[in-house]
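The block underneath contains the structure these notes are about, expressed in C-alpha cells.
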Amino acid sequence: MIERLDRLTRWITAAQWNLRSFALLRILYGIGLLLLLVPSAADRSFLWGEASFWVDPEAKRRGFWTFDLFMPKDSGLFDVAFFGLIALVVLFTLGYRTRIVLPVMLVLLVSLQSNNPYLLNGGDTLMRITLLFMLFANLSEHYSLDALRRSRRGSTPRRLVPAYLSNAARNVGLVLCCAQIVVVYLVSGVFKLTGTDWLDGTALFYALRLDAFAAYPAINEMIWQSSLLIHLATWAALWAQTLLPLALLWRPTRALFLITLMGMHAGIALFLGLWPFSLAMIALDMLYVRDSTWESLLRWWRGTRAGSLLPELQRRGQGVFAALRRP
C-alpha cells in the first residue's frame, strides 16, 4: 500500500503529463465555441441580449441571474462583452496567454449562457465543468503562440512555486477531467441498462428516425434499414460506455474502447446533428492518449511523408520509366 502511494505521489509531482492532449483539447474547444458564437452574432440580441427577456423567469428560477453583471442584457455593454468573448476565444484557441485568457473567457462564457438557459445542452454543461478543471492544467505547452514565443526567446516559464507543486496542480487538472469523462460515460451506460431498447439492440433505430435530429435524413434512412448494423452499433455504444472504467486499466482495451467511443460521437455529430456535445467528448477522450503515443504518431506521419512514402513512389516511378524505355 505504501509503495503504491509512493508511486502515485511521484507520478503526480515528477512531471506534467499529456500536454499534447491538453493542447488539442484547447484547440478543439476553441473551434467549437467559435462555431457556436460567430454564426450566432447576427441573432445575439434575441438569443442572449435585450430581446431575450422572455427567458428571464426561467433563468432566475435556476439562479443564473447572478451573472448579469458581466453580460447585462439591458446595457450597451452587452455587445462589447459578446465580441470581447469571441476575441478571447480566438486567443484561447491560438494559445496566447492562456493562463490569463482562460479564467476571463470562462466567466464571460458562463455569463452569456446564463442569459438563456433554454439554449443549453449536455455539451455546454460538460464544457463549463471541464474548463473549470482546465484552470489548473498546462494548455499551451504545444501548438500555441506561447510555446512559439518561448522557443524564439529560448527561455522557460518563470516559476513562482516549486516545480513539484506546479506539476501536482497541472496533473490534478488532468485527473479531474479524466474522472469527469468516466462519470459521464458510466452514468450514461447505467441509465441505458434500466431500459429495454438498448439491451435488445434497437435504441439507435428510434434515434435515427427522429426528424428533429436528422441532419441527413437520406443517410439515416439507409442506416436504420440495416438491422445487423443497428444492433451492432447499439450494443457497442452501450457496453463501451458501461465498461469503460474497467477497460482503462489495460492499454489495449483502453485504445479499443476510446476508438469506439470517438467513432460513436462522430456518428452522433454526423447523423443526429449534436456536434457541440460530440466535439467536447472527442476532445476529452483524447486526454487518455499519452504524449509518447502522440509523438510516435507524429514520427510515423513524418516518416510516411518524407522518409518512406516518397522514396517508394520514386522507386516505382523509375521502374515504370525504365520499362517504357525498353525496346
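Exactly one of these conditions fails for Leu24: (1) outside any helix (DSSP H, G or I); (2) closer than 29 Å to Val172 by Cα. Give me its number.
Of the numbered conditions (1) outside any helix (DSSP H, G or I); (2) closer than 29 Å to Val172 by Cα, the odd one out for Leu24 is (1).
Looking for something of a type outside the set (S, T, N, Q) and under 24 Å from the mean Cα position of the chain (by Cα) - is there at least one such residue anywhere in region 61-82? Show your work before the answer.
Narrowing region 61-82 to residues of a type outside the set (S, T, N, Q): 61-65, 67-74, 76-82.
Adding the requirement that they be under 24 Å from the mean Cα position of the chain (by Cα) leaves 82.
Checked against the condition, which is being of a type outside the set (S, T, N, Q) and under 24 Å from the mean Cα position of the chain (by Cα), region 61-82 yields at least one hit.
Being under 27 Å from the mean Cα position of the chain (by Cα) and outside any helix (DSSP H, G or I) narrows it down to one residue among Tyr29, Tyr96; which is it? Spell out how you get there, then give the answer.
Values: Tyr29 fails: outside any helix (DSSP H, G or I).
Only one candidate passes the filter, namely Tyr96.
For region 162-171, indicate whether the set of residues that are surrounded by 13 or more Cβ atoms within 10 Å (Cβ to Cβ), part of a helix (DSSP H, G or I) and of a type in the set (D, E, K, R) is non-empty.
Applying the first criterion (surrounded by 13 or more Cβ atoms within 10 Å (Cβ to Cβ)) to region 162-171 yields 164, 166-171.
Filter again for part of a helix (DSSP H, G or I), leaving 164, 166-171.
Subsequent filtering for residues that are of a type in the set (D, E, K, R) retains 170.
For region 162-171, residues surrounded by 13 or more Cβ atoms within 10 Å (Cβ to Cβ), part of a helix (DSSP H, G or I) and of a type in the set (D, E, K, R): present.
Just one of (1) modelled with pLDDT under 95; (2) part of a helix (DSSP H, G or I) trips up Leu199, so point out which.
Only one criterion in (1) modelled with pLDDT under 95; (2) part of a helix (DSSP H, G or I) is unmet by Leu199, namely (2).
Here is a check on your reading of the model: is Phe257 under 30 Å from Thr194 (Cβ atoms), aromatic (Phe, Trp, Tyr) and either at pLDDT 90 or above or part of a helix (DSSP H, G or I) (or both)? Working first, answer last.
Details: under 30 Å from Thr194 (Cβ atoms): yes; aromatic (Phe, Trp, Tyr): yes; either at pLDDT 90 or above or part of a helix (DSSP H, G or I) (or both): yes.
Yes, satisfied.
Please enumerate the residues belonging to region 91-105 that are hydrophobic (A, V, I, L, M, F, W, C), surrounded by 17 or more Cβ atoms within 10 Å (Cβ to Cβ) and either more than 25 Å from Glu50 (Cβ to Cβ) or modelled with pLDDT under 95 (or both). Spell out how you get there, then give the answer.
Kept after step one, since they are hydrophobic (A, V, I, L, M, F, W, C), are these residues of region 91-105: 91-92, 94, 100-102, 104-105.
With the extra rule that they be surrounded by 17 or more Cβ atoms within 10 Å (Cβ to Cβ), the set shrinks to 91-92, 94, 101-102, 105.
Selection gives Leu91, Phe92, Leu94, Val101, Leu102.
Those residues that are outside any helix (DSSP H, G or I) and either closer than 13 Å to Ile282 by Cα or without any contact (Cβ under 8 Å) to a residue 60 or more places away in the chain (or both), I need them from region 241-254; list them, please.
Within region 241-254, the subset outside any helix (DSSP H, G or I) is 243, 248-250.
Of everything in region 241-254, those that are outside any helix (DSSP H, G or I) and either closer than 13 Å to Ile282 by Cα or without any contact (Cβ under 8 Å) to a residue 60 or more places away in the chain (or both) turn out to be Leu243, Leu249, Trp250.
I need the full set of residues from region 136-161 which are more than 22 Å from Leu8 (Cα to Cα), part of a loop (DSSP other than H, G, I, E, B) and at pLDDT 85 or above, in order please.
Result: Leu139, Ser140, Glu141, His142, Tyr143, Ser144.
Determine if region 68-81 includes at least one residue that is in contact with a Lys or Arg (Cβ under 8 Å, 6 or more places away or on another chain), buried (at least 20 other Cβ atoms within 10 Å of the Cβ) and in contact (Cβ under 8 Å) with a residue 40 or more places away in the chain.
No, the conditions are met nowhere in region 68-81.
Need pairs with beta-carbon distance below 7 Å; first residue within 16 Å of Phe78 (Cα to Cα) and within region 50-62, second among the aromatic types (Phe, Trp, Tyr) and exposed (fewer than 15 other Cβ atoms within 10 Å of the Cβ); sequence gap 6+ or separate chains.
If the second residue must be among the aromatic types (Phe, Trp, Tyr) and exposed (fewer than 15 other Cβ atoms within 10 Å of the Cβ), the pairs left are Ser52/Phe46.
The values are calculated or read from the model by the stated rules, or taken from the named source; none is laboratory data. On a predicted model such as this, the values are computed, not experimentally measured, just so you know. Here Cβ is always computed from backbone atoms with ideal geometry, including for glycine, and neighbour counts include all displayed protein chains.
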